[in-house]
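S.K.: To start, I am sharing the structure in question, which I have written as structure tokens.
The values are calculated or read from the model by the stated rules, or taken from the named source; none is laboratory data. Just so it is clear, the structure is predicted and the values come from calculations on it, not from any experiment. Cβ: placed from backbone, ideal geometry, glycine included. Neighbour counts: every protein chain shown. Just so you know, the surface numbers come from the protein's heavy atoms only, side chains and all, with ligands and any DNA or RNA stripped out. Shrake-Rupley method; radii C 1.70, N 1.55, O 1.52, S 1.80 Å.
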Amino acid sequence: MKKSLTIHNEATYEEIADVVLMPGDPLRAKFIAKKFLKSPKCFNKIRNMLGYTGTYKDKQVSVMGSGMGMPSMGIYSYELYNFYDVKKIIRIGTAGSITENLSLRDLVVVMGACSNSNFINQFSLKGTFAPIASYNLLNKAVNCAKDKKINFMIGNVFTSDYFYGENEDTVNSWKKMGVLAFEMETAALYINAAAAQKEALCLLTISDSLLTGESISPSLREESFTEMMEIALCCVN
Ligand code: HPA
């Protein structure tokens, strides 16, 4: 019988590749596997947090949903790094812009992640910790985005514990510090990568603006998602 390594993931050690792409939505993971990977095989169905492994340009690549928020991303990325010995995780998600310099569909290559969560407290550090991307992955993504002439910014985001209830004061105070966008998972991923001494990167498409309230249509969301996927796949080798 197949032996699960964790209670949230029924994959065997061999079934997951060294590099995992993580959208928030597990159905998105299924879509990516079918569209971009050759011979994808499903390795997890627990809680419908679908995960697949296939090949991209002859390299094994996995794709798995992270769920929403830091606790969910925290669990799945921890298990991938520490039980399955995954080396690189690339989150591909969406974010709400808090700067006029980012339009809907633009890309953020996330260098660092501020947060209002307590996730970092588990390490009892006497000071603050700056969760940052792998420079190796970030550099590859930036070169690829330049080659493809995609509109992008590199910088800080705010990983929030709230989707509802962010008020103008919160947005303005982070905006004044040069933070580009709000989302809900990156800080957990970057912290887990640091603790496990592994690599992580987040690529985020701007899906809405917290300044104007506008949001992207489903068809444009699809198109910009494909662009972001192509950049993520540049980083897997
Ligand atoms: N807030 C938090 N997370 C998000 C948002 C947002 O506006 N848009 C996409 N993810």
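S.K.: Restricted to segment 143-168, and to residues that are open to solvent by 60 Å² or more (accessible area, probe 1.4 Å) and closer than 13 Å to Asn116 by Cβ, which residue is modelled with the lowest pLDDT?
M.R.: Among them, the one singled out is Gly165.
S.K.: Okay, moving on. Could you tell me how many of the residues in segment 169-178 are loosely packed, with under 14 Cβ neighbours inside 10 Å and either at negative phi or modelled with pLDDT under 95 (or both)?
M.R.: 5
S.K.: Take the residues in segment 57-69 that are surrounded by 19 or more Cβ atoms within 10 Å (Cβ to Cβ) and either more than 14 Å from Asp25 (Cα to Cα) or of a type in the set (D, E, K, R) (or both), then tell me which one is nearest to the chain's Cα centre (by Cα).
M.R.: It comes out as Ser62.
S.K.: I've got another one for you. Scan segment 92-102 for residues that are within 12 Å of the ligand (Cβ to nearest atom) and in a strand (DSSP E or B) and jot them down.
M.R.: Answer for segment 92-102, where residues must be within 12 Å of the ligand (Cβ to nearest atom) and in a strand (DSSP E or B): Gly93, Thr94, Ala95, Gly96, Ser97.
S.K.: Contact list please: Cβ distance under 6 Å, first residue in segment 56-83 and under 18 Å from Ser160 (Cβ atoms), second residue small (Gly, Ala, Ser) and part of a helix (DSSP H, G or I), pairs at least six apart or on different chains.
M.R.: Listed by first residue and then by second, the contacts come to Met70/Ala188; Met73/Ala188; Gly74/Ala188.
S.K.: Considering only segment 168-195, state which residues are under 20 Å from Gly24 (Cα atoms) and not in a loop (DSSP other than H, G, I, E, B).
M.R.: Of everything in segment 168-195, those that are under 20 Å from Gly24 (Cα atoms) and not in a loop (DSSP other than H, G, I, E, B) turn out to be Ala181, Phe182, Glu183, Thr186, Ala187, Ala188, Leu189, Tyr190, Ile191, Asn192, Ala193.
S.K.: In segment 167-178, how many are within 12 Å of the ligand (Cβ to nearest atom) and in contact (Cβ under 8 Å) with a residue 12 or more places away in the chain? Full working, then the answer.
M.R.: Residues of segment 167-178 within 12 Å of the ligand (Cβ to nearest atom): 170-171, 174.
Those left that are additionally in contact (Cβ under 8 Å) with a residue 12 or more places away in the chain: 171, 174.
So the count comes out to 2.
S.K.: Among the numbered criteria (1) aliphatic (A, V, I, L, M); (2) over 14 Å from the mean Cα position of the chain (by Cα); (3) crowded, with 16+ Cβ neighbours inside 10 Å, which one does Ala130 miss?
M.R.: If we test Ala130 against (1) aliphatic (A, V, I, L, M); (2) over 14 Å from the mean Cα position of the chain (by Cα); (3) crowded, with 16+ Cβ neighbours inside 10 Å, just (3) comes out false.
S.K.: Among the strands (runs of 3 or more DSSP E) contained in segment 11-90, which hold 3 or more residues that are more than 30 Å from Ile120 (Cβ to Cβ) and modelled with pLDDT of 95 or more?
M.R.: Values: elements: 19-22, 38-44, 51-56, 59-64.
Passing ranges, in order: 38-44, 51-56.
S.K.: Pick out the one residue from Ala193, Ala188, Ala181 that is away from the ligand (no atom under 16 Å from the Cβ) and either open to solvent by 10 Å² or more (accessible area, probe 1.4 Å) or under 15 Å from the mean Cα position of the chain (by Cα) (or both).
M.R.: Details: Ala188 fails: away from the ligand (no atom under 16 Å from the Cβ); Ala181 fails: away from the ligand (no atom under 16 Å from the Cβ).
Just one listed residue meets the conditions, Ala193.
S.K.: Moving on to the next point. Looking at (1) under 15 Å from Ala113 (Cα atoms); (2) within 12 Å of the ligand (Cβ to nearest atom); (3) among the hydroxyl-bearing types (Ser, Thr, Tyr), which is the only condition Tyr135 fails?
M.R.: Exception for Tyr135: condition (2).
S.K.: Can you tell which of Ser103, Ser97 is surrounded by 16 or more Cβ atoms within 10 Å (Cβ to Cβ) and either of a type in the set (Phe, Trp, Tyr) or touching a residue at least 40 places away in the same chain (Cβ under 8 Å) (or both)? Write out each step before concluding.
M.R.: Details: Ser103 fails: surrounded by 16 or more Cβ atoms within 10 Å (Cβ to Cβ).
Within the list Ser103, Ser97, the selection yields Ser97.
S.K.: Using beta carbons and a limit of 6 Å, which pairs, at least six apart or on different chains, have the first residue in segment 152-164 and within 16 Å of the ligand (Cβ to nearest atom) and the second one among the aromatic types (Phe, Trp, Tyr)?
M.R.: Phe158/Trp174; Phe158/Phe182; Ser160/Phe182
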